[in-house]
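**Q** Below you will find the structure I want to go over with you.
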Amino acid sequence: MKLRLAIVGAGPAGIYAADILLKYERAFDVSIDLFEQLPAPYGLVRYGVAPDHPRIKGIITALREVLDRGDIRIFGNVLYGRDITLDDLKKHYHAVIFATGSVHDAALDIPGIELPGSYGAADFVSWYDGHPDYPRTWPLEAESVAVVGNGNVALDVARILAKHPEDLLPTEIPDNVFEGLKASPVTDVHVFGRRGPMQVKFTPLELRELGELRDVDMIVYDEDFDYDEASKRAIESNKQVLVIDKVLGQWRQREVGQASRRLHLHFYAKPLEVVGDEHGITAFRYERTEPDGQGGVRGTGEIREVPVQAVYRAVGYFGSPLPGIPFDKKHGVVPNHEGQVLDKDNRIVPGVYATGWIKRGPVGLIGHTKSDAMETISHLVKDQASWWSPAEPDEDAIPALLAERGVAWTDLDGWHRLDAHEMALGEPHGRARIKVVPRDEMVRISRD
Ligand SMILES: Cc1cc2nc3c(=O)[nH]c(=O)nc-3n(C[C@H](O)[C@H](O)[C@H](O)COP(=O)(O)OP(=O)(O)OC[C@H]3O[C@@H](n4cnc5c(N)ncnc54)[C@H](O)[C@@H]3O)c2cc1C
């Protein structure tokens, strides 16, 4: 018996799932095909993790080692739902795992959010990380910018906006991104969080990094540090919170005023409105909140405004529905029990599994996708009796099908060619790589 498995999505979740299954103690052989809509694998590690985080980008080395073993076939530049459908998968495989992640911004429902100059963090991240499906240029015209959110993505966006672009040059940022950032007139980046400094979602490492930016002053406001009992308890009981308190405390003592750019952290600020009109944004309006004594906050009724010309909302990511597969519109995930996909009556859908952010929602680090994959794979292996019975499990059927449909798919050798090409582009400039951005160019280099 041989399990023919399709995995859709070659981000960390999909690659870890393949790796775990191949190493799993099982009574059957396995052959895995990995479908990825982009011409390059690694998902948000390539197209989400910030370019100036080389240590995290380095996880790609471990993921590449899994693919380079050669026991997983890759079909890149293949979009599930268009190039390959659920019916195709049922005809050629015993089961499918969806590992399609979340790429879009969650909504922030306040007046003015749709004005020109108001952006989603996910779109901006896709631009600065050179995602092929996003415009090559980004309108960086604002001197003062608001970033709404208190997670790591908000800090990534604020850092990339405030950082002097020359300091990004050693990284893999594409040329168009460097040129765009160089032309930015930004002087002030304001980050707004609804809750207090001890209830933030970002991690100490990301926070501390902001204080190391060259020629950027960190500005925090004394009024935000009048801690209530819940905040004091959080500092005593949680090491991460303690470190955050220390970092912020050091910034409160620092002398500021010399740097040409400033990064402000505003806490207890509930977003109310993006102020402006069809010609652009003039301010960000918020309500001052205060601790409610339970670790949460309540509004004070005091309304404030900070003049800005652009707003970035970093309030979370949201998954996209997959044709033919149940979808939970409220949470942006595929409904599931430990990775076994459920229909609207909460019954297990045979042969269909989920892992990673599309299974769990867009929270957690890359490492979490490994334990996720382990859980999903353990069910897949146990469920042998309910797998599909494919009419044509032959491995040659898939390349034949894609060729017949005129799909220009890329494979592992193609990715190696693109990888080598990007590294060669970087070499004369002393950079590890320069990313190729246009999809057609990525495909052309891969299929050369
Ligand atoms: C801005 C940002 C910064 C981050 N920084 C860090 C960090 O520093 N450290 C850390 O540990 N974690 C970080 N994370 C979290 C990390 O990226 C996620 O935990 C992880 O990538 C989730 O993995 P995944 O495989 O579920 O999803 P993804 O990485 O999103 O992979 C999903 C893949 O599926 C593909 N796909 C989607 N739909 C289809 C389709 N219909 N057909 C075919 N393929 C499809 C996508 O193209 C993508 O390649 C960051 C996340 C973001 C958003």
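Rule-based calculations on the coordinates, nothing more; no lab input. Note that the structure is a prediction, hence the values are computed from the model and not measured. Cβ sites come from the backbone with ideal geometry, for glycine too, and all protein chains shown count toward neighbours.
**Q** Rounded, prolate or oblate: pick one for the stretch 21-178, where a ≥ b ≥ c are the square roots of the eigenvalues of its C-alpha gyration tensor, a/c under 1.5 means rounded, and failing that, prolate if a/b is larger than b/c, else oblate.
**A** In terms of gyration-tensor shape, prolate.
**Q** On a 0 to 90° scale, report how tilted helix 12-23 is relative to the longest principal axis of the chain, with both axes built from alpha carbons and the result rounded to the nearest 10.
**A** Long axis of 12-23 versus the principal axis of the chain: about 40 degrees.
**Q** What are the ³J(HN,Hα) values, in whole Hz, obtained from phi via the Karplus relation 6.51 cos²θ - 1.76 cosθ + 1.60 with θ = phi - 60°, for each residue of the stretch 309-315 in sequence order, with x given for Gly and Pro?
**A** With coefficients 6.51, -1.76 and 1.60, one gets 10, 8, 10, 10, 9, 10, 10 Hz.
**Q** I would also like to ask the following. Give me the number: length gained by fully extending HIS53 to LEU79, i.e. 0.36 nm times residue separation minus the C-alpha to C-alpha distance, one decimal in nm.
**A** 6.5 nm
**Q** What pairs in LYS370/LYS435; LYS90/LYS329; LYS163/LYS201; LYS23/LYS330; LYS239/LYS270 have C-alpha atoms more than 31 Å from each other?
**A** Over 31 Å Cα-Cα: LYS23/LYS330.
**Q** May I pose another question? Output the relative contact order of the chain, whole-number percent, from Cα pairs under 8 angstrom with separation of 6+ residues.
**A** 22 percent
**Q** The stretch 185-227: Rg/Rh from Cα coordinates, Kirkwood Rh?
**A** 0.96
**Q** So, one more: Where Rh is the Kirkwood radius over the Cα pairs of the stretch 317-360, the temperature 20 °C and the viscosity 1.002 mPa s, what D in µm²/s does Stokes-Einstein return?
**A** So the translational diffusion coefficient is about 210 µm²/s.
**Q** Among residues other than ASP52 whose Cβ falls under 13 Å from its Cβ, what is the net charge (Lys/Arg +1, Asp/Glu -1)?
**A** -2
**Q** Taking a ≥ b ≥ c as the square roots of the Cα gyration tensor eigenvalues, with a/c under 1.5 meaning rounded and otherwise prolate when a/b beats b/c, else oblate, which class fits the stretch 1-87?
**A** oblate
**Q** Compute the Kirkwood hydrodynamic radius of the stretch 125-268, taking the inverse of the mean of 1/r over all pairs of distinct Cα atoms, and give it in Å to one decimal.
**A** 16.1 Å
**Q** Label the stretch 224-290 by shape, choosing from rounded, prolate and oblate, from the square roots a ≥ b ≥ c of the eigenvalues of the Cα gyration tensor; if a/c is under 1.5 it is rounded, and otherwise prolate applies when a/b is larger than b/c, oblate when it is not.
**A** Verdict is oblate for the stretch 224-290.
**Q** Run the paramagnetic zone check for LYS329: 7 angstrom along Cα to Cβ, then residues of the stretch 104-118 with backbone nitrogen under 16 Å.
**A** Of the residues in the stretch 104-118, 107 have backbone N under 16 Å from the label point off LYS329.
**Q** Once the Cα atoms of helix 239-253 and of the chain are each reduced to a long axis, what angle between those two axes, in degrees from 0 to 90 to the nearest 10, is obtained?
**A** With rounding to tens, the tilt is 40 degrees.
**Q** LEU89: net charge of surrounding residues, Cβ under 11 Å, Lys/Arg +1, Asp/Glu -1, itself excluded?
**A** 0
**Q** Another question, if that's okay. For the stretch 322-448, take every pair of Cα atoms, bin their distances at 10 Å starting from 0, and report each bin as a whole percent.
**A** All Cα pairs, binned at 10 Å, distribute as 11, 24, 27, 29, 8, 1 percent.
**Q** Put +1 on the Cβ of each Lys and Arg and -1 on the Cβ of each Asp and Glu in the chain; which of HIS104, PRO165, PRO390 then has its Cα farthest toward the positive end of the dipole?
**A** Value: PRO390.
**Q** Add +1 for every Lys or Arg and -1 for every Asp or Glu among the other residues with Cβ under 10 Å from the Cβ of SER144, and state the total.
**A** -1
**Q** Here is a further query. Per q in 0.23 1/Å, what log10 I(q)/I(0) does a Debye calculation on the alpha-carbon atoms of the stretch 224-337 return?
**A** Log10 of I(q)/I(0), two decimals: -1.23.
**Q** Let me ask something additional. Dividing the alpha-carbon Rg of the stretch 314-395 by 2.2 N^0.38 Å yields what?
**A** Ratio of Cα Rg to 2.2 N^0.38 Å: 1.17.
**Q** Return the FRET efficiency for the residue pair LEU365, ASN238: r is the Cβ-Cβ distance, R0 is 25 Å, and the value is rounded to the nearest 0.05.
**A** It comes out at approximately 0.90.
**Q** A further question on this structure: When the label point is put 7 Å from the Cα of GLU166 along its Cα-to-beta-carbon vector, which residues of the stretch 210-230 have a backbone N closer than 19 Å?
**A** Once the point is set 7 Å along Cα→Cβ of GLU166, 212-217 turn out to lie under 19 Å by backbone N, inside the stretch 210-230.
**Q** Using the alpha-carbon centroid of each, what span in Å lies between the stretch 31-52 and the stretch 146-210?
**A** 23 Å
**Q** Here's another thing I want to ask about it. Quick one: give the max-minus-min coordinate of the C-alpha atoms of the chain along each principal axis, largest first, in Å.
**A** 68, 53, 42
**Q** In degrees between 0 and 90, to the nearest 10, how far off the longest principal axis of the chain does helix 152-162 point, with axes built from Cα atoms?
**A** 60 degrees
**Q** A further question on this structure: Work out, step by step, the length gained on full extension between GLU305 and ASP413: first 0.36 nm times the residue separation, then minus their alpha carbon distance; give nm to one decimal.
**A** Stretched out fully, the GLU305 to ASP413 stretch lengthens by 33.5 nm.
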